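Undergrad: Structure provided below as structure tokens; questions to follow.
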Amino acid sequence: MTGDTLLQALVRQLDAAGRGSDGVARPAVILWPDPERQWLGLMPQFRVTMPLFTLGAYDIETRTGPSIWLRCIVDRTVPGVLGSDVTPIFYLPNVWRQQLRSGADCPIALQPLVELQYRGTTWHQKNGREWTVEAFLISHLRLEIAQDLRTREALLRALPRLGDVDVGSLQDRRLDAEDFDGLAVGDPVRDLLRWMSSAKSFRAGMPDAEWASFVSLCRSSFGFSPEEDDVAVAATRLAEGGGKWDQVWARFCEAPRLYPGVVIALRGARHSLLTGARDPARNTAREDSLRKDLRALLVEPHTVACSRIEALDAEHAPRREQVWALMGESPLAVALEPLARLASLASKTPGGATASDAAAEYADDGWRCDRALLDAVSLSVPPADHDLIAKVARNLYEPWADASARRFQELIGRTRPTDMVKDAPVPSHGGACVLFVDGLRLDLSMTLVEKLRARGLAVEKSHRIAPLPTVTATAKPAIVPLVGAFRAGHDASDFQPVFTTSGEPVIAQKLRDEMHARGVAVLDADALAGPENERSIGWMEIGHLDERGHDLGVEMVRHIDEELERIVEQTICLTDLGWRVKIVTDHGWLLLPGGLPKHQLPAYLTESRWSRCATVKPGTKAELDSYGWHWDPYVSIVSPPGIHAFQAGHEYAHGGISLQECVVPEITVKTATPKVIAKLDRVEWRGMRCRVTVRNAATGLRLDLRTNRKDATSTAAAAVRDVMDGRADLLVLDDANEGKAAFVVLLDEDGGVADYQATTIGGD
């Protein structure tokens with residue numbers, strides 16, 4: 001959590017609440033009830049970063065007004081206040097969520113807001129209660145906070161200072177009243193930046209005594225007065241630098257988004273000789289220059305464009321470390337990093353003496369070129385720049401992808417595909433679950449492996465050549481754990497085999513029914529179960545990568561990470577249940593911004609024609625290399641040359657012969673070692689003796705009582721006790737500890753904390 005602040009965490013949570021979920025319209029408003037006004041001290045900072053409106057007496061400067069005015073805001077009847085694509089946040093001090101839910105019994109002053117809880121969403125805890133500051137810090141930021149009145153009061157006093165404190169510096173220790181009171185002591189550098197960012201709000205939120213101290217400190221330390229000088233003077237001093245102003249600049253660079261007004265002030269700084277790193281205008285000028293250079297590359301030969309991109313990256317790379325990049329004002333300099341990787345990789349000629357060698361080389365290193373393209377086109381940049389980056393990326397990637405596809409097609413032509421393309425091996429041992437992911441391309445699988453290993457899972461990866469053509473209808477049955485269940489049918493136009501016994505086409509539901517009939521455990525996310533016995537084989541499907549690719553084209557890249565995270569979570573669930581997971585896919589795909597080039601194939605020559613494959617009519621000749629269908633090698637299939645497509649306008653396609661479509665991953669994830677998870681069940685105090693019961697108690701468990709659950713030296717117990725028959729008693733000898741907050745800590749046989757529970761020594 002290092003580098004995160006309370007304010008940033010709040011922004012992230014409320015931003016997520018405003019986005020809604022897939023298939024659901026964005027909420028019209030986010031309601032934030034705060035019956036105890038706990039969050040009020042943070043509102044001046046929050047207001048400058050989010051579209052926040054407050055219930056109260058009308059004050060347009062602080063965006064505060066009565067409920068009917070707030071209703072007009074969300075309905076956009078107050079012109080110029082709120083953009084059409086912005087979800088407002090209504091902060092409601094002194095309001096309980098239940099008041100809005102009570103309908104006719106709701107106070108008259110709040111009734112205009114009642115309907116908004118149905119068009120919008122209410123930000124609250126999972127249990128339905130309003131968020132308190134303490135609950136948010138404990139639940140979301142994982143802070144350990146003493147549970148006493150003095151600490152709660154000190155926490156609220158320190159809230160304005162806590163908003164932009166690095167939360168990582170507060171973790172791994174138990175926070176009490178002294179810790180929060182220490183935060184309330186003014187930080188002059190931070191206060192100066194807050195004043196520069198929003199002078200009026202800063203002054204309004206500061207008591208007169210603190211303001212006088214702040215003014216005196218600015219005069220003595222920074223050489224100017226917030227009472228006599230305006231923000232432009234401070235911005236000029238900040239731009240010039242020197243002395244303690246360098247400390248102010250360094251702090252600003254740590255979290256520039258917390259001080260948006262400082263950027264505005266720097267643009268108007270009264271100085272004509274700003275240093276390069278502190279001059280936003282100079283950064284803007286260099287972005288404009290880079291934009292012209294990138295446009296010029298669109299007409300350059302491939303080799304020239306690759307070398308020029310690498311030179312531009314060397315020139316502009318330092319700007320990625322400047323504050324303007326953190327502010328999102330250097331999108332092209334940031335985009336040069338993946339573009340330079342793409343240029344370097346795309347300048348290398350694909351190798352391999354055989355198709356198998358080429359596939360191995362691609363699986364080892366060639367996929368990095370595909371990842372560089374995805375990284376470049378997935379950047380969040382303004383629309384005009386996004387289009388330019390996509391065009392540059394296409395010019396760098398297309399020649400490499402086309403050359404590698406033609407080379408691979410040449411090598412495939414020297415080998416019978418049926419000799420090289422094999423079905424995925426059916427699990428031969430029990431306890432294995434095949435996790436099928438439609439369209440898991442090799443480069444994405446490498447990212448998936450990184451994510452799985454980061455979660456502590458043991459992962460083995462390999463690759464294979466997919467069945468031809470590389471479409472789901474052909475390739476999916478080849479990896480289903482059913483031997484001899486499928487054969488070619490009489491009609492190959494849809495590339496779909498049939499069931500060996502019934503002759504019916506292999507469609508999704510019948511495929512699941514057949515697996516179930518043959519003893520395969522067909523799993524769903526809503527009804528997971530572990531292997532019934534040592535011979536059990538499982539099958540599960542997950543993910544929408546291929547679906548998003550066909551629906552969204554290049555825009556599918558923005559959904560890749562969420563899809564991979566979903567696969568990771570599902571894999572962990574399966575391994576926790578005892579399965580050994582084998583992640584497989586049916587095919588990869590080609591992706592090219594602007595669409596794949598078209599190869600003209602007359603319709604009269606074909607019986608069926610897809611984007612990247614077609615079947616030709618008997619007795620006709622398409623003058624294209626042909627190969628046999630996986631399920632019947634006598635069926636002639638043609639594929640367009642290189643990365644061309646038979647149909648125009650497709651940015652995303654598969655079915656043909658290219659490394660991206662044909663070389664697919666296999667990932668084996670070993671099951672975690674099964675273990676009994678012991679949990680604290682009940683903690684009861686009888687005087688200064690604590691009686692504890694434990695669920696699922698294993699051997700070697702021990703109990704301790706600590707004031708800091710992570711610190712063994714903070715024990716308050718007379719002795720650490722062994723858990724016998726699921727029970728143990730802890731005795732506190734020092735009566736001075738009565739009433740203190742503490743933790744009952746359950747220790748495993750290695751001394752690690754297996755579970756813990758907060759308690760009050762000597763409590764009920």
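Undergrad: Modelling each spin label as a point 7 Å along the Cα-to-Cβ direction, I'd like the Asp711/Arg487 distance in nm, to one decimal.
TA: About 7.5 nm separates the two model spin labels.
Undergrad: Then there's this: What does the extension gain come out to for Ser608 and Gln647, with contour length at 0.36 nm per residue minus their alpha carbon separation? Before the final figure, lay out each step's value.
TA: Details: separation 39, 0.36 × 39 = 14.04 nm, distance 1.23 nm.
So the chain would gain 12.8 nm between Ser608 and Gln647.
Undergrad: Could you tell me what fraction of 2.2 N^0.38 Å the Cα radius of gyration of the range 188-278 comes to, as a two-decimal ratio?
TA: On the way: Rg = 12.3 Å, N = 91, 2.2 N^0.38 = 12.2 Å.
The reported ratio for this selection is 1.01.
Undergrad: Another question, if that's okay. With r as the distance between the Cβ atoms of Ser139 and Ile68 and R0 = 41 Å, compute the FRET efficiency 1/(1 + (r/R0)^6) and round to 0.05. Show your work: numbers first, answer last.
TA: On the way: r = 34 Å, r/R0 = 0.83.
Using R0 = 41 Å, I get an efficiency of 0.75.
Undergrad: Given the peptides 545-553, 707-715, 100-108, arrange them by the average over their residues of other C-beta atoms within 10 Å, most packed first. Intermediate values should be presented prior to the final figure.
TA: Numbers: 545-553: 18.6, 707-715: 14.8, 100-108: 11.6.
Peptide ranking by packing, descending: 545-553, 707-715, 100-108.
Undergrad: Using label points projected 7 Å from each Cα along Cα→Cβ, tell me how many nm separate Tyr58 and Ser307, to one decimal.
TA: 6.9
Undergrad: Still on this structure: Relative to the longest principal axis of the chain, what angle (0 to 90°, nearest 10) does the C-alpha long axis of helix 231-240 take?
TA: The angle comes out near 60 degrees.
Undergrad: Is the shape of the range 471-627 best called rounded, prolate or oblate, per the rule: a/c under 1.5 gives rounded, else a/b larger than b/c gives prolate, else oblate, with a ≥ b ≥ c the square roots of the Cα gyration tensor eigenvalues?
TA: On the way: a/c = 3.28, a/b = 1.41, b/c = 2.32.
Note, shape of the range 471-627 comes out oblate.
Undergrad: Residue by residue through the range 329-335, what is 3J(HN,Hα) from phi via Karplus (6.51 cos²θ - 1.76 cosθ + 1.60, θ = phi - 60°)? Round to whole Hz and write x for glycine and proline.
TA: 9, 10, x, 6, 5, 5, 5
Undergrad: How large is log10 I(q)/I(0) at q = 0.06, 0.08 Å⁻¹ when the Debye formula is applied to the Cα atoms of the chain, each weighted equally and without solvent?
TA: With one equal scatterer per Cα and no solvent, log10 I(q)/I(0) is -0.54, -0.93.
Undergrad: Further question: Using each residue's phi in the range 365-373, evaluate 6.51 cos²θ - 1.76 cosθ + 1.60 at θ = phi - 60° and report the 3J(HN,Hα) Karplus result to the nearest Hz, with x for Gly and Pro.
TA: 9, x, 4, 5, 5, 5, 5, 4, 4
Undergrad: If you don't mind, there's one more thing I want to ask. Might you report the magnitude of the Cβ-based charge dipole of the chain about its Cα centre, with Lys and Arg at +1 and Asp and Glu at -1, to the nearest 20 debye? If you can, show how the numbers build up before the last one.
TA: Values: 88 positive and 105 negative charges, 86 e Å.
Magnitude of the dipole: close to 420 debye.
Undergrad: What number, in percent, do you get for the relative contact order of the chain if the mean sequence gap of Cα pairs under 8 Å and at least 6 apart is divided by its residue count? Intermediate values should be presented prior to the final figure.
TA: On the way: 1344 pairs, mean separation 67.7, N = 764.
Relative contact order here is 9 percent.
Undergrad: Order 80-87, 482-489, 317-324, 699-706 from most to least packed using the mean count of other Cβ atoms within 10 Å. Spell out each step's value before the answer.
TA: Details: 80-87: 11.9, 482-489: 15.0, 317-324: 17.2, 699-706: 19.0.
Top to bottom by mean Cβ count within 10 Å: 699-706, 317-324, 482-489, 80-87.
Undergrad: Tell me the label-point distance for the pair Asn696, Ala525, using the 7 Å Cα-to-Cβ offset, in nm and rounded to one decimal.
TA: Taking the two extended label points, one gets 2.4 nm.
Undergrad: Would you work out which of Ala255, Ile60, Leu156 lies farthest towards the positive end of the dipole of the chain, given +1 charges on the beta-carbon of Lys and Arg and -1 on that of Asp and Glu, about the Cα centre?
TA: It is Ile60, whose Cα lies furthest towards the positive end.
Undergrad: How far, in nm, would the chain grow between Val114 and Val78 when pulled straight, counting 0.36 nm per residue and subtracting the alpha carbon separation?
TA: Numbers: separation 36, 0.36 × 36 = 12.96 nm, distance 1.96 nm.
Fully extending the segment from Val114 to Val78 adds 11.0 nm.
Undergrad: Highest mean first, what order results for 400-413, 522-535, 590-603 on Cβ atoms within 10 Å? Walk me through the numbers before you get to the answer.
TA: Values: 400-413: 20.4, 522-535: 12.7, 590-603: 18.1.
Listed from highest to lowest mean packing, they are 400-413, 590-603, 522-535.
Undergrad: Right, another one. Take the residue pairs Lys126/Lys461; Lys348/Lys451; Lys126/Lys740 and return only those whose Cα atoms are more than 31 Å apart. Walk me through the intermediate numbers first.
TA: Details: Lys126/Lys461 39 Å; Lys348/Lys451 28 Å; Lys126/Lys740 29 Å.
Beyond 31 Å: Lys126/Lys461.
Undergrad: With a bin width of 5 angstrom, please list the P(r) values of the range 679-760 as percents of all Cα-Cα pairs, from the 0 bin to the one holding the largest distance.
TA: Reading upward from the zero bin: 3, 17, 32, 28, 15, 5, 1.
Undergrad: Sticking with this structure for a sec: Which value at 222 nm does the chain reach when only helices count, each DSSP H run of 4 or more adding -39,500 (n - 2.57), with the total divided by all residues and rounded to the nearest 500 deg cm²/dmol? Can you show the working numbers first?
TA: Details: 29 runs with 279 residues, N = 764.
-10500 deg cm²/dmol, from helical runs alone.
Undergrad: Would you mind getting the Kirkwood hydrodynamic radius of the range 451-555 from its Cα pairs, rounded to one decimal in Å? Each step should come with its number before you reach the end.
TA: Numbers: mean 1/r = 0.0613 Å⁻¹.
Computed over the range 451-555, the radius equals 16.3 Å.
Undergrad: Quick check on the range 22-163: take the gyration tensor over C-alpha atoms, sort the square-rooted eigenvalues as a ≥ b ≥ c, and tell me if it's rounded (a/c under 1.5), prolate or oblate. Walk me through the numbers before you get to the answer.
TA: Values: a/c = 1.68, a/b = 1.52, b/c = 1.10.
Here the range 22-163 falls in the prolate category.
Undergrad: In terms of Cα to Cα distance under 12 Å, which aspartates and glutamates are near enough to Lys582, apart from those fewer than 8 places away along the same chain?
TA: Partners found: Glu460, Glu541, Glu666.
Undergrad: Also, I was wondering about something else. Once the Cβ-Cβ distance between Ser462 and Asn127 is put in as r, and R0 is 45 Å, what FRET efficiency do you end up with, to the nearest 0.05?
TA: Values: r = 46 Å, r/R0 = 1.02.
Efficiency, from the Cβ-Cβ distance: 0.45.
Undergrad: If the chain between Lys598 and Leu552 were fully stretched, how many nm would it gain, using 0.36 nm times the residue separation less the Cα-Cα distance? Walk me through the intermediate numbers first.
TA: On the way: separation 46, 0.36 × 46 = 16.56 nm, distance 1.92 nm.
Gain in length upon complete extension: 14.6 nm.
Undergrad: Going Cα to Cα from Lys710, which aspartates and glutamates come in below 12 Å? Please leave out same-chain ones fewer than 8 positions away.
TA: Straight-line reach from Lys710, under 12 Å: Glu144, Asp172, Asp755.
Read the figures in this text as sums done on the coordinates, not as results from a lab. Since we're looking at a predicted model, the values are computed, not measured. Glycine also receives a Cβ, built like all others from the backbone with ideal geometry; neighbour counts cover every protein chain displayed.
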